[in-house]
Amino acid sequence: MKTPLSITAINNARIEKTYNIESFVLNMDTWANIDPKLSVYFAGGNKFKFDENITNHLSTNKGIYIFYVEPDFPFSPATRYLMYVGKVTGTNTFKNRFYSYVNAIGNINEKENIMILTNLWPGKTWVYVYPLNMTDKEIEAIENNLIDNIVPPLNSRVKSKSAKNSRSIFI
């Protein structure tokens with residue numbers, strides 16, 4: 001079984017930056033800009049635990065995927081933190097896309113945001129997968145709408161000016 005990296009190991013390896021994973025900005029103003037028609041596409045979908053076996057459960061479809069951290073606090077209500085929104089387009093598939101995420105577990109040489117996403121919450125990270133039967137351009141438009149209006153802390157590609165000013169995982 002792969003051993004995930006700790007925040008201490010990540011900070012020690014990347015001394016040029018210190019990662020702040022203790023707070024995230026939640027911008028309610030942008031949530032109103034999420035396209036209400038998306039509820040049709042996100043009514044279904046599948047939830048998978050993120051670990052080194054996730055590719056055994058994924059399809060060869062394309063669409064949108066969302067990483068969440070879900071602590072198992074001993075109280076209600078349940079808590080979830082949306083961390084990252086991604087897309088699978090072109091000839092890629094969910095199954096193929098997630099090989100790179102699995103390879104990032106325990107890998108200090110991975111891209112910063114992917115390293116954090118795949119290592120810091122072992123056993124508490126889940127992926128919601130939404131297969132979409134539409135064009136790549138339509139899938140990309142959905143991804144952009146979600147990223148710009150939810151502003152997930154580990155998505156670095158944010159286009160909206162207000163979203164860019166409302167988030168940072170780096171100190």
| message | Tell me which of Asn107, Tyr84, Pro71 sits at the most positive position along the dipole axis of the range 29-110, charges placed on C-beta atoms (Lys, Arg +1; Asp, Glu -1). | response | Tyr84
| In order through the range 115-128: 3J(HN,Hα) via Karplus (6.51 cos²θ - 1.76 cosθ + 1.60), integer Hz, x for Gly, Pro | 4, 5, 4, 8, 10, 7, 10, x, x, 10, 9, 10, 10, 9
| Only Lys, Arg (+1) and Asp, Glu (-1) charged, at Cβ; the range 111-150 dipole about Cα centre in debye | 260 debye
| Sorted by accessible area (1.4 Å probe), largest first, how do Tyr130, Tyr41, Tyr101 line up? | Tyr41, Tyr130, Tyr101
| request: For a label point 7 Å from the Cα of Thr30 along Cα→C-beta, name the residues of the range 117-158 whose backbone N is under 12 Å from it. | output: 144-158
| query | Across the range 51-68, in residue order, what do the Karplus-derived ³J(HN,Hα) couplings come to in whole Hz, using 6.51 cos²θ - 1.76 cosθ + 1.60 with θ = phi - 60° and x for Gly and Pro? | reply | 7, 5, 9, 4, 5, 5, 10, 8, 8, 9, 8, 10, x, 10, 10, 9, 8, 10
| note | accessible surface per residue for the range 35-132, probe 1.4 Å, DNA/RNA/ligands not counted, whole Å² -> 50 Å²
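The values are calculated or read from the model by the stated rules, or taken from the named source; none is laboratory data. What you see is a predicted model; the values in this text were computed from it and never measured. We place every Cβ from the backbone using ideal geometry, glycine too, and count neighbours over all the protein chains shown. SASA here: full protein model, heavy atoms, side chains in, ligands and nucleic acids out. Shrake-Rupley method; radii C 1.70, N 1.55, O 1.52, S 1.80 Å.
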